[in-house]
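Peer 1: Below you will find the structure I want to go over with you.
Read-outs: derived from the displayed coordinates by stated rules, not from any lab. Fair warning: this is a prediction, and the values are worked out from it, not measured in the lab. Cβ: placed from backbone, ideal geometry, glycine included. Neighbour counts: every protein chain shown.
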């Protein structure tokens, strides 16, 4: 094998490893949401190629209000679905769409786009 072939193989393996680490092994930072004066735990989630933040921590038994701001027109993110609560919402581009939940039972609850490709998680403690 020539030197240039070896360098291409090593470079490809290195890039593949970095992509795998980013998508499957990198730790996602959770955002703890505090209750406001009215007792509502309110968070803003930016939707653009994913959810930012995509992991949120809440206190159980207090109302939750998620304000989704969709900053794109991609078809994938036009719906947000909460399978554990049989709830969904249509996210209009460039508008804030509130979703209100009341979760009394501690646990981890997922949410996703209508196609199931973009995902997030609510952690209730």
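Peer 1: Using Cα springs under 10 Å in a Gaussian network model of the chain, which residue among 41, 86, 112 shows the largest mean-square fluctuation?
Peer 2: Among 41, 86, 112, the largest GNM mean-square fluctuation belongs to 86.
Peer 1: Would you list 37, 104 from fewest to most Cβ contacts within 10 Å?
Peer 2: Details: 37 5, 104 8.
Lowest count first: 37, 104.
Peer 1: While we're looking at this one, here's another question. Got a sec? How would 62, 48, 29 order by Cβ neighbour count within 10 Å, fewest to most? Write out the running numbers ahead of the final one.
Peer 2: On the way: 62 18, 48 13, 29 8.
In order of increasing Cβ crowding within 10 Å: 29, 48, 62.
Peer 1: I'd like the FRET efficiency for residue 46 and residue 125, computed as 1/(1 + (r/R0)^6) with the beta carbon distance as r and R0 of 25 Å, rounded to 0.05. Spell out each step's value before the answer.
Peer 2: Numbers: r = 24 Å, r/R0 = 0.95.
FRET efficiency, residue 46 to residue 125: 0.60.
Peer 1: At 7 Å along Cα-to-Cβ for each site, give me the label-to-label distance between residue 10 and residue 86 in nm.
Peer 2: A separation of 5.9 nm, rounded to one decimal place.
Peer 1: Run the numbers for residue 96 and residue 35: contour at 0.36 nm per residue of separation, minus the present Cα-Cα distance, in nm.
Peer 2: Numbers: separation 61, 0.36 × 61 = 21.96 nm, distance 1.97 nm.
Stretched fully, the residue 96-residue 35 segment lengthens by 20.0 nm.
Peer 1: Still on this structure, I have one more. State the Cα centre-to-centre distance between region 1-70 and region 72-125 in whole Å.
Peer 2: Region 1-70 and region 72-125 have Cα centres separated by 15 Å.
Peer 1: Restricting to Cα pairs below 8 Å that are 6+ residues apart, what does the relative contact order work out to for the chain? Please round to a whole percent. Working shown, then result.
Peer 2: Numbers: 232 pairs, mean separation 28.3, N = 125.
Rounded, it is 23 percent for the chain.
Peer 1: Would you mind giving the three semi-axes, in whole Å and largest first, of the ellipsoid equivalent to region 31-124 according to its Cα gyration tensor? Working shown, then result.
Peer 2: Values: eigenvalues 91, 39, 24 Å².
Here the semi-axes work out to 21, 14, 11 Å.
Peer 1: While we're on this one: Of 99, 80, 31, how do they rank once you tally other Cβ atoms within 10 Å and put the fewest first? List each step's numbers first, then the result.
Peer 2: Working: 99 18, 80 24, 31 15.
The fewest-first ordering by Cβ neighbours comes to 31, 99, 80.
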